[in-house]
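Scroll down for the structure; my scribbles are underneath it.
The values are calculated or read from the model by the stated rules, or taken from the named source; none is laboratory data. Everything quoted here is computed from the prediction, not taken from an experiment. Using ideal geometry, Cβ is built from the backbone for each residue, glycine included, and neighbour counts are taken over all protein chains shown. Heavy atoms of the whole protein, side chains included, go into the accessibility calculation; ligands, DNA and RNA do not. Shrake-Rupley method; radii C 1.70, N 1.55, O 1.52, S 1.80 Å.
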Amino acid sequence: MTTATVNRKRKRKGPLKGFASGLKWLAGIASSVAAIMTAATTVLGLVVHHQDTQLRHANARTSTQNRQISQQQQQIQRLQSKLATASRSPKGSGPAGGNAAPSGVAHFLSSLSPTVDNDGVNSGQQVIAAKSYPDTVTWGCGDSSAPNEAYDVAGNSVFTAEVGIPDNTQYVTGVVATVTFSNESGQQIGQPVQVSLGHPASVRLNIKGVTQLGMTCTGRNRQTSQPTDTTFSVALGNGGVS
């Protein structure tokens, strides 16, 4: 084979070898890109998995906190229910919710028979200024100097009551009731109490040594201060002695 022929073959092989080398280079780049993509996908998967794990943990914490809040709310509701039940007891600790009861009452007047009953005393639950008083006595309020009602309170030292006009009383918007308490000799005990619809007054009297507790109610027109012609009742909410 001549030198010229060899040179011609070498010239033909030169471009082919370069093309083959280019293909190998491209294959290497593609392999590197694929490796990078695989690594990126793996890293992204790890990040997503980590975030998903954090989210599950956060949801678990939120669920636990919600259960704790629900349990606390149930405890509060149970306590409120107990307080409401205690407030309805005759010997409750005082006003709570929509009910009211004095503390330390030994005997409610509603459980006693009056020794004087001039104006038709009645016993039972009454609502005064939107509060319910289960042990209440009411009687007609009129124009009288003698006790309307009286009770035997011998042996007791304290009288307590919420004096007022029951909420269901009609035609007394402009009426003021004055309630006076006295002993068996007719001597006044404490100061007269003035009340009107929606505006009761708490009373606590020292009745030590008193045997008969009398009570008198008179009504007057708020504007004219004249005796009212309206017939209405006054109430001693949870009135009792101890």
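Couple of notes before you dig in:
- At an R0 of 41 angstrom, the distance between the Cβ atoms of N221 and Q65 translates into a FRET efficiency of 0.10.
- Three-way shape label, the stretch 95-234, alpha-carbon gyration tensor, a/c 1.5: oblate
- Share of carbon and sulfur in the accessible heavy-atom surface of the stretch 109-209 [1.4 Å probe, %]: 43 percent
- With a Förster radius of 22 Å applied to the C-beta separation of T231 and T211, the computed FRET efficiency comes to 0.10.
- Relative packing of 170-178, 230-238, which averages over residues the other C-beta atoms within 10 Å, highest first: 230-238, 170-178
- Interchain or long-range residues, amide H under 5 Å from L197's placed H: V175
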